[in-house]
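Asker: I am attaching a structure below and will ask some questions about it afterwards.
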Amino acid sequence: MATLNTLAYQVAGAFDRDTDVIFIERIKDLIINTRNLFVHREVDKYGINYRYVQPYVADLQKMNASMDSTINSKFELLRTVNKIPAPLRFQSDVPFVFVGSLDRMIVYRSIKPYILNSSRGLRLVGSAICYFYTNGYVYIWNNTKLEKVLIEEIPEKLDITRSFDDTTGLCYEDDMEFPLAGDMLNDVIKEVINILRATNDIKDKNPVTTRDIT
């Protein structure tokens with residue numbers, strides 16, 4: 001089973017630096033970023049691969065439709081209590097793979113927030129449950145009785161952490177199986193090695209890393 005830790009140590013070993021903790025953390029950053037680039041290319045070329053889809057069951061809260069808390073609107077809508085990680089951009093006007101009921105039997109329509117006022121008169125919208133995504137939150141329109149919503153997406157960034165994050169649903173850890181198709185792993189590792197060879201990371205004993213060192 002390929003994990004982020006095993007992959008990073010393999011690359012570090014190729015440079016005889018498998019005891020250099022800072023260098024290994026830098027490699028992990030590069031593996032994650034390169035993986036995201038490869039997934040983006042695959043989605044654009046072949047469409048959605050559910051291997052990379054992350055589901056979230058998000059709690060909803062009722063709020064005024066006005067984005068300005070000092071201005072009241074006669075309309076109410078629902079909003080996810082917590083922010084939803086930004087989805088990977090791909091060739092579609094719909095930001096998420098799925099937004100709808102927890103049993104996946106009802107799909108909510110994606111809608112632009114600026115047409116909320118006239119949406120009920122639109123032929124394809126009418127009384128259908130709709131949603132839009134802005135400022136990191138998913139907003140639900142045409143139903144204020146829902147308590148939860150299922151959101152499925154390919155996250156823009158794979159946030160592999162050492163602890164579970166209950167607010168976002170992200171639960172990858174360095175010792176879990178790395179979420180990437182096996183036939184792409186070698187290409188990712190080759191690309192990471194090429195990047196390291198083309199930069200000063202090999203010579204620099206203290207390269208900058210964005211990951212926390214514990």
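Asker: Are there any pairs with C-beta distances below 7 angstrom linking a residue in region 13-42 that is farther than 22 Å from Leu180 by Cα to a residue that is modelled with pLDDT of 90 or more and not in a helix (DSSP H, G or I), with the two at least 6 apart or on different chains, and if so which?
Answerer: Note: pairs meeting the criteria are Phe23/Arg17.
Asker: Only one of (1) modelled with pLDDT under 90; (2) outside any strand (DSSP E or B); (3) not hydroxyl-bearing (Ser, Thr, Tyr) is not met by Leu77, so which one is it?
Answerer: Unmet for Leu77, out of (1) modelled with pLDDT under 90; (2) outside any strand (DSSP E or B); (3) not hydroxyl-bearing (Ser, Thr, Tyr): (2).
Asker: If you check Asp59, Asp44, which single one turns out to be modelled with pLDDT of 85 or more and surrounded by fewer than 19 Cβ atoms within 10 Å (Cβ to Cβ)?
Answerer: Values: Asp44 fails: modelled with pLDDT of 85 or more.
Only one candidate passes the filter, namely Asp59.
Asker: Within region 111-167, track down each residue that is at pLDDT 85 or above, exposed (fewer than 13 other Cβ atoms within 10 Å of the Cβ) and of a type in the set (A, V, I, L, M).
Answerer: The answer is none; no residue qualifies.
Asker: Hey, another quick one. Which of the following residues is more than 16 Å from the chain's Cα centre (by Cα) and not charged (D, E, K, R): Gln54, Gln10? Show your work before the answer.
Answerer: On the way: Gln54 fails: more than 16 Å from the chain's Cα centre (by Cα).
Step by step, each of Gln54, Gln10 is checked, and only Gln10 is more than 16 Å from the chain's Cα centre (by Cα) and not charged (D, E, K, R).
The values are calculated or read from the model by the stated rules, or taken from the named source; none is laboratory data. Nothing here was measured: the structure is a model prediction, and the numbers come from that model. Here the Cβ is made from the backbone with ideal geometry for all residues, glycine too, and neighbour counts use every protein chain on show.
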